[in-house]
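I have placed the structure first, in the form of structure tokens, so that the comments after it can refer back to it.
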Amino acid sequence: MPREERRLVILGATGSIGTQTLDVIGRLNREGHPFSVVGLSAGKNVSLLAKQIERFNPRIVCIGDEEGAEQLRTSFPNLDVLVGEEGLENLAMLAEVDLVVNALVGSIGLPPTLAALSLGRTVALANKESLVIGGELVNALLQSNGGTLLPIDSEHNALFQCLRGGKLSEVKRVLITASGGPFLHTPLAKLPRVRPEEALSHPNWAMGSRITIDSATMVNKGFEIIEAHYLFSLPYERIEAIIHPESMIHSLVEYQDGSILAELAASDMRIPIQYVLTYPQRIETGLPRLDLSAVATMRFEPLDPDRYPAFGTVLAAAREGGTALAAINAADEILVKRFLAGEIPFTGIASGLREVLVRWRPVEAQREAGEVTLRSLLAVDSWARAEAADLPF
């Protein structure tokens, strides 16, 4: 029996997750599992978006600025072209869409997630910031409007699969694995002098520049613990990170009886992407498989707080609550850019995050009491960006 066509939009189509999602969709369509790409968005990469338009024929797209929009309108006169952040929210709320894939990077991804969930949509989420910054807002909408979140990130996708093996009340703890990044064994004294190209050389995954640097500092692992907290309604004390250099096990769930369920797969993001796109079905991927006979060893070791001080700062912000994580996320985005531009040392990312958190406390104390809102989160986001941009090193 033919599978019913699924209609979707992809926010961040020209990025790493977006391009891999389209690769998966193209293959699934060829194999008789139909997907219709209704809308696509990109920031500035007009040329790649144009190629995607030619291949997938969306009826509507969004681009970051008017200059790019004019280029697209000239090349595709029958295409509906939206612009900027408002355009992203409009894409997320298209009436005919079954699934919104949010592959945006940064806090810009939060409003479209909230917009889609306000209508009870299903969101395939690869935008960490939607939960890191706005987890409380996201969960409130899930409870009130009945939408669904499906995690794309390999670690949370793995937890999502492993948690199907028992009741949430039976879970003792979950373990999120981390490769340790490119500096797992680099002497600590050398870390201030590492170059951007070294930090961008991830040992196992091919990812965008910010997430790759966040993997080197372990900021991403702190963010992933926060995501797991909101995704699976688990207290922070039952979520742990563990170093697993081979990245073959993506996450583990330990149940009360001592059983541990683990998800293993080749290090290819198209595997969790396809699982989300076809959920709850499992379909042949055509991708390389993990060859267990070739696995010489799998190592595990605790995360060293002296090597990864930024990890501790992220979790400290999580314990603070309020708008602290909006400040940390925004500061990290700016500090990573400054490191990649050669303005600050690698260790400046961690020290900068710590300083922004210190400065945030009196700012938060002056904020009017009340619930965290999208407006307050975005205001702190702007404040933290300015602070991080001006930090001296």
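Some observations on this one:
- Considering (1) over 22 Å from residue 122 (Cα atoms); (2) surrounded by fewer than 21 Cβ atoms within 10 Å (Cβ to Cβ), the lone condition that residue 49 does not fulfil carries the number (2).
- Selection count, region 46-65, where residues are small (Gly, Ala, Ser), closer than 15 Å to residue 87 by Cα and in contact (Cβ under 8 Å) with a residue 24 or more places away in the chain: 0
- Every pair of residues 6+ apart whose Cβ atoms lie under 9 Å, when the first sits in region 240-266 and is closer than 11 Å to residue 175 by Cβ and in contact (Cβ under 8 Å) with a residue 12 or more places away in the chain while the second is of a type in the set (Lys, Arg) and surrounded by 19 or more Cβ atoms within 10 Å (Cβ to Cβ): 241/221
- Residue that is surrounded by the fewest Cβ atoms within 10 Å (Cβ to Cβ), among those in region 334-352 that are hydrophobic (A, V, I, L, M, F, W, C) and farther than 14 Å from residue 191 by Cα: 341
- Of the helices (runs of 4 or more DSSP H) lying entirely inside region 120-184, those carrying at least 2 residues that are free of Cβ contacts under 8 Å to residues at least 60 places away in the same chain and closer than 23 Å to residue 92 by Cα are 135-145.
- Inside region 54-84, residues that are farther than 18 Å from residue 104 by Cα and part of a helix (DSSP H, G or I) make up a count of 12.
- Filtered by the rule that a residue be among the hydroxyl-bearing types (Ser, Thr, Tyr) and in contact with a Gly (Cβ under 9 Å, 6 or more places away or on another chain), region 39-60 gives a lone residue, 41.
- Residues that are touching a His at 6+ places or on another chain (Cβ under 8 Å) and in a loop (DSSP other than H, G, I, E, B), drawn from region 299-354: 299, 300
- Residue 249 being at pLDDT below 95, touching a strand residue (DSSP E or B) at 6+ places or on another chain (Cβ under 8 Å) and among the β-branched types (Val, Ile, Thr): yes
- Any hit, region 297-317, residues being over 30 Å from residue 352 (Cβ atoms) and surrounded by fewer than 11 Cβ atoms within 10 Å (Cβ to Cβ): yes
- Across region 362-393, the number of residues qualifying as modelled with pLDDT under 90 and of a type in the set (Val, Ile, Thr) comes to 2.
- Some residue of region 241-253 being farther than 10 Å from residue 178 by Cα and of a type in the set (Asp, Glu): no
- Of the set (1) within 18 Å of residue 23 (Cα to Cα); (2) among the polar types (S, T, N, Q); (3) surrounded by 13 or more Cβ atoms within 10 Å (Cβ to Cβ); (4) over 23 Å from the mean Cα position of the chain (by Cα), all apply to residue 71 but (1).
- For region 271-293, taking the residues that are aliphatic (A, V, I, L, M) and either touching a strand residue (DSSP E or B) at 6+ places or on another chain (Cβ under 7 Å) or part of a helix (DSSP H, G or I) (or both), the one that is nearest to residue 4 (Cα to Cα) is identified as 277.
- Of the residues making up region 224-244, those that are farther than 13 Å from residue 139 by Cβ and surrounded by fewer than 19 Cβ atoms within 10 Å (Cβ to Cβ) are 235, 236, 237, 238, 240, 242.
- Condition check for residue 113: surrounded by 21 or more Cβ atoms within 10 Å (Cβ to Cβ), within 30 Å of residue 321 (Cβ to Cβ), modelled with pLDDT of 95 or more and among the polar types (S, T, N, Q): yes
- Qualifying residue in region 101-112 (condition: without any contact (Cβ under 8 Å) to a residue 60 or more places away in the chain and over 16 Å from residue 15 (Cα atoms)): no
The values are calculated or read from the model by the stated rules, or taken from the named source; none is laboratory data. Keep in mind that this is a model prediction, so the values were computed, not measured. A quick note on method: Cβ atoms are made from the backbone with ideal geometry, for glycine too, and the neighbour counts reach across all protein chains shown.
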